[in-house]
Amino acid sequence: MTPQTPPPLALFDLDHTLLDGDGDDLWCRFMIRHGVIGPAMAEANERMGRDYRAGRVGAQAFSDFYAGLLAGRSPADWAPWQDRFLAEEVLPRLPDAARALVESHRAQGHALLLTTASNRVIAARSAAELGFAHWIATDLELVDGRYSGRVQGTPNMRDGKLHRLLAWLQAHGRSAHELDRAWFYSDSINDLPLLSRVGRPVAVNPDAQLQAHAQAHGWPVIDVLGRATAA
């Protein structure tokens, strides 16, 4: 008997792809607004975003910065804030077109996976809201039941996003060859390692570098956030 071919993978980035915004930035601003962290962090948050977009900060430093905002509290401590973050910041930024894109793959029986650079505390409610049973995020270290402020393992960013996905496939008894027929939707040139590995890359509201790369390589370019995107 021939083994049944598993359904093809449909992979999705989150920030600026399905979510109209950056989860890390939104979380930091949310916590400042509610007095959970001090207003002095606003400037550091802005600087981190600028440096990351300009390529002046690496994946580890970026991830450690946002992990540090969670230090000293337990998952249970953060849970009410995660619920509030979903209601105030995430739900208004999940467009119908983004939801429809995910649902179109679900209706076809594809295996859905969200893969985001944001850490698990920030991304958890978004993944659940969009109905992802499987998702990969940057993991956080727990010490004595509280977040240490450090990342655990490889951040799910840049090359790390591909490495983490390959490890996920192996852990779930799936082959790396499945990526040859997989979709991956992303907005960012930072995801080029994974976009270049899948058989069906799609640029979603791409940044300027990814826009140019997608056009040069004949990749589809789509808009699900209601922004102007060149053909």
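The values are calculated or read from the model by the stated rules, or taken from the named source; none is laboratory data. In this text, all values refer to a predicted model and were calculated from it rather than measured experimentally. Positions of Cβ are generated from backbone atoms using ideal geometry, with glycine treated the same way; all protein chains shown enter the neighbour counts. Ligands, DNA and RNA are excluded from the accessible area calculation, which covers all protein heavy atoms including side chains. Shrake-Rupley method; radii C 1.70, N 1.55, O 1.52, S 1.80 Å.
Some points to look at:
- Scan of the stretch 109-131 for residues that are touching a residue at least 40 places away in the same chain (Cβ under 8 Å) and in a loop (DSSP other than H, G, I, E, B), ordered by number: GLY109, HIS110, LEU130
- Where a residue in the stretch 51-78 is within 15 Å of SER148 (Cα to Cα) and its partner, wherever it lies, is part of a helix (DSSP H, G or I) and among the aromatic types (Phe, Trp, Tyr), with Cβ under 7 Å and at least six apart: LEU70/TRP78
- Lone unmet requirement of (1) open to solvent by 50 Å² or more (accessible area, probe 1.4 Å); (2) closer than 18 Å to ARG29 by Cβ; (3) among the aliphatic types (A, V, I, L, M) for ALA76: (2)
- Of all residues in the stretch 1-35, those satisfying the criterion of being among the aliphatic types (A, V, I, L, M), buried (at least 16 other Cβ atoms within 10 Å of the Cβ) and not in a helix (DSSP H, G or I) are LEU9, ALA10, LEU11, LEU14, LEU18, LEU19.
- The stretch 191-216 residues that are under 13 Å from LEU11 (Cα atoms), paired with ones that are among the polar types (S, T, N, Q) and assigned to a loop (DSSP other than H, G, I, E, B) (beta carbon under 8 Å, 6 or more apart): VAL204/THR17
- Test set (1) open to solvent by 40 Å² or more (accessible area, probe 1.4 Å); (2) touching a Leu at 6+ places or on another chain (Cβ under 7 Å) - GLU103 fails condition number: (2)
- Some residue of the stretch 69-81 being farther than 17 Å from HIS16 by Cα, polar (S, T, N, Q) and touching a helix residue (DSSP H, G or I) at 6+ places or on another chain (Cβ under 6 Å): no
- Residues of the stretch 207-225 that are among the acidic types (Asp, Glu) and buried (at least 18 other Cβ atoms within 10 Å of the Cβ): none at all.
Residue-wise test of (1) at pLDDT 95 or above; (2) among the charged types (D, E, K, R).
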site	(1), (2)
LEU19	yes, no
ASP51	no, yes
ALA67	yes, no
LEU91	yes, no
ARG106	yes, yes
